[in-house]
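The values are calculated or read from the model by the stated rules, or taken from the named source; none is laboratory data. Owing to the predicted nature of the structure, the values given are computational and were not obtained by experimental measurement. A quick note on method: Cβ atoms are made from the backbone with ideal geometry, for glycine too, and the neighbour counts reach across all protein chains shown.
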Amino acid sequence: MNPVDQIDEAKSLARVLQFMEASAKLVHEALDERFAAHDDRAEGWQRLNSAMRYSLLQEGAKRFRPSLSLMVAQALGAPSEQALPYAAALECVHTYSLIHDDLPSMDNDDFRRGQPTCHKKFDEATAILAGDALLTDAFAWIGEAYAERPEVALRAVIELSRAAGSHGMVGGQALDLRAQSGAATDIEELRLMHQLKTGALIRAAAVGSAIICEASEDQIEDLSDYSAALGLAFQVADDLLDFDQARPEAGSYCALLGPEKTREFLFELTDEALEAIIDWDESAETLRSLALYNRDRSR
């Protein structure tokens with residue numbers, strides 16, 4: 001039986017929205033505490049800290065990636081507190097990428113979530129430094145939080161750094177810049193670009209959390225397959241939303257496949273994600289619900 005057919009979709013949506021709301025609150029509180037303002041610091045440091053907090057704590061942040069990390073902890077029977085430092089550190093990496101993506105030399109965006117982007121609110125140099133600091137501080141946070149389990153901490157740091165670097169998110173951004181320059185993009189190159197730019201960090205959210213929660217190698221493999229399909233599905237859903245809102249990009253699935261074939265692809269990827277955890281018990285229901293939530297946000 002198709003794994004989708006086994007799920008009550010109405011209950012599924014309510015479940016995932018409730019979990020994501022609670023997760024977003026936990027992550028927000030952790031970020032707020034970690035990067036608290038200090039009036040007694042030098043003015044330049046305070047400006048940097050303000051820029052970091054401005055981007056990290058904006059209203060409207062969905063916290064999709066850290067929510068996934070906490071869902072994995074739940075599926076493995078671990079307390080959310082165990083995965084929370086990793087989840088919040090991963091959100092720092094994601095926020096750094098958004099700050100840098102918005103810069104004039106990259107996507108040159110003036111607004112994000114209806115608010116001025118970091119370089120517009122502050123200045124370009126401060127925005128660059130804020131992104132640099134968030135990326136670097138993320139790994140210190142993981143190292144400190146899991147120092148009593150150094151092998152686990154090391155493996156988690158390696159997982160996240162690979163996902164963020166030239167073989168992950170940054171490499172995907174380089175491919176995206178090439179596509180934006182007008183270079184021809186075929187479906188395989190597009191898939192690779194999104195697997196790296198978007199999918200790698202989503203996979204790291206799941207796999208890194210599994211490492212932190214000391215999952216078995218079989219469980220990690222299942223979650224790797226699940227999150228790889230989910231990560232690509234996330235970008236495909238974004239492409240469909242852009243198309244529906246009359247904002248299609250040249251290098252998108254809708255441009256290459258058309259909206260109907262793109263929607264079929266999204267459903268196939270969702271089924272792949274669900275199939276990867278089909279043998280997991282009810283503790284993984286929120287993970288299943290997340291895959292459906294992502295699929296249906298494109299409707």
Which of the residues belonging to the range 115-162 are among the aliphatic types (A, V, I, L, M) and touching a residue at least 60 places away in the same chain (Cβ under 8 Å)?
ALA127, LEU129, ALA130, ALA133, LEU134, ALA145, VAL152, ALA156, LEU160
If we scan the range 122-142, do we find a residue that is among the polar types (S, T, N, Q) and under 20 Å from GLN235 (Cα atoms)?
no
Please work out which residue is surrounded by the fewest Cβ atoms within 10 Å (Cβ to Cβ), limiting yourself to the range 25-35 and to residues that are within 17 Å of the chain's Cα centre (by Cα) and farther than 10 Å from GLU91 by Cβ.
LYS25
Say we look at the range 97-140 and pick out the residues that are aromatic (Phe, Trp, Tyr) and surrounded by fewer than 19 Cβ atoms within 10 Å (Cβ to Cβ); which of these is nearest to GLY208 (Cα to Cα)?
PHE139
Please indicate, with yes or no, whether at least one residue in the range 47-58 is touching a residue at least 12 places away in the same chain (Cβ under 8 Å), more than 14 Å from the chain's Cα centre (by Cα) and assigned to a loop (DSSP other than H, G, I, E, B).
yes
Modelled with pLDDT of 90 or more and not hydroxyl-bearing (Ser, Thr, Tyr), is that true of ALA37?
no
So ALA83, is it assigned to a helix (DSSP H, G or I), of a type in the set (A, V, I, L, M) and within 21 Å of LEU26 (Cβ to Cβ):
yes
In contact with a helix residue (DSSP H, G or I) (Cβ under 6 Å, 6 or more places away or on another chain), of a type in the set (S, T, N, Q) and not in a helix (DSSP H, G or I): does that describe THR185?
yes
Condition first: surrounded by fewer than 23 Cβ atoms within 10 Å (Cβ to Cβ), aliphatic (A, V, I, L, M) and within 21 Å of LEU135 (Cα to Cα). Now tell me which residues in the range 66-92 satisfy that.
LEU84
Would you point out the residue of the range 21-39, among those that are assigned to a helix (DSSP H, G or I) and small (Gly, Ala, Ser), that is nearest to GLN58 (Cα to Cα)?
ALA24
Residues of the range 38-56 classified as surrounded by fewer than 19 Cβ atoms within 10 Å (Cβ to Cβ) and closer than 28 Å to VAL152 by Cβ, total
0
Can you confirm whether the range 217-228 contains a residue that is over 23 Å from ALA78 (Cα atoms), in a helix (DSSP H, G or I) and not charged (D, E, K, R)?
no
For MET52, indicate whether it is of a type in the set (A, V, I, L, M, F, W, C) and in contact with a Phe, Trp or Tyr (Cβ under 6 Å, 6 or more places away or on another chain).
yes
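A quick yes/no check of all residues on (1) modelled with pLDDT under 95; (2) within 30 Å of ARG47 (Cα to Cα); (3) assigned to a helix (DSSP H, G or I):
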position: THR126; (1), (2), (3): no, yes, yes
position: ALA130; (1), (2), (3): no, yes, yes
position: ALA133; (1), (2), (3): no, yes, yes
position: GLU148; (1), (2), (3): no, no, no
position: VAL152; (1), (2), (3): no, no, yes
position: ALA156; (1), (2), (3): no, no, yes
position: SER161; (1), (2), (3): no, yes, yes
position: GLN173; (1), (2), (3): yes, yes, yes
Regarding ALA233, is this residue closer than 27 Å to LYS11 by Cα, part of a helix (DSSP H, G or I) and modelled with pLDDT of 95 or more?
yes
Answer yes or no: is there a residue in the range 203-210 that is in contact with a Gly (Cβ under 7 Å, 6 or more places away or on another chain), modelled with pLDDT of 90 or more and in a helix (DSSP H, G or I).
yes
